[in-house]
Amino acid sequence: MRGEGEGDGAACRLYLVTPDRIEPTAFADDLARALDAGDVASVQLRLKDASDDAVRRACDALRPVAQARGAAFVLNDRPDLAAEMNCDGVHVGQEDVACAEARRIVGPERIVGVTCHASRHLAMLAGEAGADYVAFGAFFPTATKEAKGRADPEILEWWSELTAIPCVAIGGITAGNCAPLVRAGADFLAVVSAVWGHPDGPAAGVRALNQAIARALEA
């Protein structure tokens, strides 16, 4: 996902985040259907309160599905397991391993992404520490995780004008509300419920979001 549409608003792609709790073998089929339905840049495995072995099993089941379809496979929180399981990268929050330490663990070739909430200061620090992307949010109400604050699309405009480091928008994003984020310069839209909770299934969710992105870019 590195280098795609960096900071110029010319492209915006999907960044799928898994639900907190999954059965990996069954979910692999859902993931394949989602990725086969349209353009997806990255898949983040985010398992809440899972054991290390459970994370390893999920990586083994899902990483090949994502990588075979050209999507980067990113592990949440755990740079040590990301390196061990040959993931494409790691995403860390502000309460997790620091960006510089995550980089040391996963090495120079893997992706390191950093949650920056609605903070310009945190984003600047992440960029200086070598982050490959920064994530801003939450932009809309979300039940997926407790938001640390509400972000405004203006922060995406500011970031995309300031630097070529890509930015990810996250938090309650759907096909119906994503247009302002796309037009503001988001390089990636991180989504959970809009795909996995779509009433017509994950493939329909991916199609709807890609169509909404295309419409926003044409406007």
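The values are calculated or read from the model by the stated rules, or taken from the named source; none is laboratory data. None of the values given here were measured: they were computed from a predicted structure. Heads up, the Cβs are rebuilt from the backbone with ideal geometry, glycines too, and the neighbour counts pull from every protein chain shown.
Descriptive notes on the structure:
- Among residues of region 137-175 being hydroxyl-bearing (Ser, Thr, Tyr) and more than 17 Å from residue 119 (Cβ to Cβ), the one that is surrounded by the fewest Cβ atoms within 10 Å (Cβ to Cβ) is 142.
- Region 72-119, subset farther than 19 Å from residue 57 by Cα and of a type in the set (Gly, Ala, Ser), residue nearest to the chain's Cα centre (by Cα): 113
- Between 163, 144, the distinction of being at pLDDT below 95, hydroxyl-bearing (Ser, Thr, Tyr) and more than 21 Å from residue 81 (Cα to Cα) belongs to 144 only.
- Failed item, numbered, when residue 178 is tested on (1) out of contact with any strand residue (DSSP E or B) (no Cβ under 6 Å at 6 or more places or on another chain); (2) crowded, with 23+ Cβ neighbours inside 10 Å: (1)
- Qualifying residue in region 203-210 (condition: without any contact (Cβ under 8 Å) to a residue 40 or more places away in the chain and in a helix (DSSP H, G or I)): yes
- Any hit, region 48-70, residues being within 20 Å of residue 194 (Cβ to Cβ), touching a residue at least 12 places away in the same chain (Cβ under 8 Å) and in contact with a Cys (Cβ under 9 Å, 6 or more places away or on another chain): no
- Scanning region 146-187 for residues that are β-branched (Val, Ile, Thr) and assigned to a loop (DSSP other than H, G, I, E, B) gives 163, 165, 173, 174.
- Any hit, region 48-68, residues being within 24 Å of residue 123 (Cβ to Cβ) and buried (at least 20 other Cβ atoms within 10 Å of the Cβ): no
- The criterion of at least 1 residues that are within 28 Å of residue 212 (Cα to Cα) is met by the following helices (runs of 4 or more DSSP H) wholly inside region 27-120: 52-68.
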